[in-house]
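Here is the structure we will look at, set down as structure tokens.
The values are calculated or read from the model by the stated rules, or taken from the named source; none is laboratory data. Remember, predicted model here, so these are calculated numbers, not experimental data. Cβ placement follows ideal geometry from the backbone for every residue including glycine, while neighbour counts extend to all protein chains displayed.
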């Protein structure tokens, strides 16, 4: 008999704040880089190609005392049934006894840890004095990427918003983003923290349509789209630009020109996964780089065992494919907070 | 938001009866044989070799409308902490939407589906007029194997009990088994069924120590031990004997003489798994048989696409390694019953 905890989507919204999730995801990357955490092989199955699939991502974090898994299903036709297309569940286990601890809705956890990932790439690789961020993609992830990045980069003044498919989406996003940042991402009880973050969120948002021009004006570019072809050409990019690419998580996806990889400093969350399903896939498959040209996992930069950016002119790329360790460490923090705050549904298994 | 159900060990004890579990596990085998169900790759990790490990077994059953997984951890030192050494959790998902349905304690489910497996091997491969069953191993699984086998083989009159390590364990088991069968395995509301099964449970139990002699007197031999060397020699076995070997689920385990495989009719639950971790492993690795000598999976015998036993003199072997489909179909039945009987803990995810 085990005392378990269930945390719903609504529960995790109350429990997680972006500042802490960034810290936790940094820790997960560091533990992986120092071999205190590892991934197990990905299980992927297509029930109907292009219509329904599922994957199981799993692994362990010794120093965080946990192991576990996230199962994500994608069913394109769910929208006709009033069910989310993307459904995720996380299970967390105690690494010292093998006992189950909790089951959690993965939806909000995934949004938060993915936002944190993009921002961690920026924090450790972009120029410290970066002033202009371009957000490519204005879908579900955009607000999380922007919130997290503004928290870690206090000198940003301007955020360009670009949607390659639908400019109206970008306009609608612009109309609500300031309000969203100041409601969804300010769940802190400490007024000093709230005011500090409000100050960081006080930036100008601008919808851009001339992607060539806005690329040349951006210090940081985050891509979070389902794109299958490059939206940004190498020749548009100014020296010193940082890219966090979070959209590619499946073979065939691509957001930026593979030629950018030829002389960029490239980092990733998991080298094997980046080459097979990440933004690095095309550059490696077309022979522009070999896997050895990926400098290291981001955890080694955070650990200070590898240098990130060397000069103000470097192009840096963080290829974030998404790993189970991000979900597990974030879920485990939610569990700890839930017990302190008496949130969630306890049950016996 | 998903309406989920948690079923504890105690809940599953109330919900599952062996007669139905046998039917369900037969269905799982049949679906697998007709390609309406399949396993995904096994994930296995040793945290500390010989002390702590975990595995994730997963798969789907299209016609049962489910997919899912079972995570089992084995922590040898848990007994010092008053926690089970073996801990299991099952998660079941709806194959039409990818939504999570329930989380269940896997302990009782595993006991029941493993008992059912051994008995299904007997039902489809042993001689119909078999009178003597020998149970090798008197640990946790023995009662489940005996209960299930007596249910499907009404002509059995005598059950030999053999424990290769500790005869006292076998004696203690004998003292309680009749009582256990008539309490733990009679959870039916229909008196006709209860009386029918009581009649089948009305057999003689006898502890044996001369394994050579008792082997020669047995029509059916079920092995359910953690043994790593053969306990039964080929020359002791009389023509027509059936073996259900359920103990081997890890490389290096073995219960019966590998020479028995040279002219037996061999069936399994999953050919790949049997060769790598099952009772067939040694016979294949030592070259006594090749994997092509395994006639088929048991599901094809149940489906009547392959003949099981051909003559009364055949030696038949069912190598049952244990597959996720058994757990998932049994868990799904428990979920259905739980809703009818209003058992379990509902929660929102």
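A few notes on this one:
- Residue in the stretch B:296-304 that is at pLDDT 95 or above, over 18 Å from residue B:244 (Cβ atoms) and out of contact with any helix residue (DSSP H, G or I) (no Cβ under 6 Å at 6 or more places or on another chain) present: yes
- When the residues of the stretch A:1-15 are filtered to those that are more than 19 Å from residue B:84 (Cα to Cα) and touching a helix residue (DSSP H, G or I) at 6+ places or on another chain (Cβ under 7 Å), the one that is nearest to the other protein chains (Cβ to nearest Cβ) is A:9.
- Note on the stretch B:21-59: residues that are in a strand (DSSP E or B), over 18 Å from the mean Cα position of the chain (by Cα) and more than 9 Å from every other protein chain (Cβ to nearest Cβ) total 3.
- Qualifying residue in the stretch A:320-339 (condition: farther than 19 Å from residue A:106 by Cβ, away from chain B (no Cβ under 14 Å) and more than 20 Å from the chain's Cα centre (by Cα)): yes
- Across the stretch B:282-297, the qualifying residues are those that are touching a strand residue (DSSP E or B) at 6+ places or on another chain (Cβ under 7 Å) and in a helix (DSSP H, G or I), and the one among them that is nearest to residue B:32 (Cα to Cα) is B:293.
- Within the stretch B:66-79, considering residues that are within 8 Å of chain A (Cβ to nearest Cβ) and part of a strand (DSSP E or B), the one nearest to residue A:45 (Cα to Cα): B:67
- Evaluation of residue B:317 against the conditions (1) in a helix (DSSP H, G or I); (2) in the same structural domain as residue B:237 (by TED's automatic domain parsing); (3) surrounded by 24 or more Cβ atoms within 10 Å (Cβ to Cβ) shows that the sole unmet condition is (1).
- Of the helices (runs of 4 or more DSSP H) lying entirely inside the stretch A:152-241, those carrying at least 2 residues that are over 27 Å from residue A:319 (Cβ atoms) are A:167-184, A:191-201.
- Just one of the listed residues (A:91, A:112) is outside any helix (DSSP H, G or I), crowded, with 21+ Cβ neighbours inside 10 Å, on the phi < 0 side of the Ramachandran plot and touching a helix residue (DSSP H, G or I) at 6+ places or on another chain (Cβ under 9 Å), and it is A:91.
- Filter pass, residue A:83 being out of contact with any helix residue (DSSP H, G or I) (no Cβ under 6 Å at 6 or more places or on another chain) and assigned to a strand (DSSP E or B): no
- Scanning the stretch B:57-88 for residues that are under 17 Å from residue A:66 (Cβ atoms) and crowded, with 24+ Cβ neighbours inside 10 Å yields a total of 4.
- Residue identified as within 20 Å of the chain's Cα centre (by Cα) and at positive phi among B:240, B:252: B:252
- Condition check for residue A:136: modelled with pLDDT of 95 or more, within 11 Å of chain B (Cβ to nearest Cβ) and buried (at least 21 other Cβ atoms within 10 Å of the Cβ): no
- Checked against the criterion of being crowded, with 21+ Cβ neighbours inside 10 Å and free of Cβ contacts under 8 Å to residues at least 40 places away in the same chain, the stretch A:33-49 contains not a single residue that satisfies it.
- With respect to (1) in a strand (DSSP E or B); (2) under 26 Å from residue B:268 (Cβ atoms); (3) more than 19 Å from the chain's Cα centre (by Cα), the lone exception for residue B:63 is condition (1).
- For residue A:254, the requirement of being in contact with a strand residue (DSSP E or B) (Cβ under 7 Å, 6 or more places away or on another chain), in contact (Cβ under 8 Å) with a residue 24 or more places away in the chain and over 30 Å from residue B:8 (Cα atoms) is met.
- Flag if residue A:86 is within 15 Å of residue A:331 (Cβ to Cβ), in contact with a strand residue (DSSP E or B) (Cβ under 8 Å, 6 or more places away or on another chain) and within 12 Å of another protein chain (Cβ to nearest Cβ): no
- Hits in the stretch A:266-276 (condition: more than 15 Å from the chain's Cα centre (by Cα) and surrounded by fewer than 22 Cβ atoms within 10 Å (Cβ to Cβ)): A:271, A:272, A:275, A:276
- Evaluation of residue A:155 against (1) without any contact (Cβ under 8 Å) to a residue 60 or more places away in the chain; (2) touching a strand residue (DSSP E or B) at 6+ places or on another chain (Cβ under 9 Å) (one fails), failing number: (2)
Here's the yes/no breakdown for (1) within 14 Å of another protein chain (Cβ to nearest Cβ); (2) modelled with pLDDT under 95:
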| site | (1), (2) |
| --- | --- |
| A:90 | yes, no |
| A:100 | yes, no |
| A:103 | yes, no |
| A:117 | no, no |
| A:123 | no, no |
| A:140 | no, yes |
| A:145 | no, no |
| A:148 | no, no |
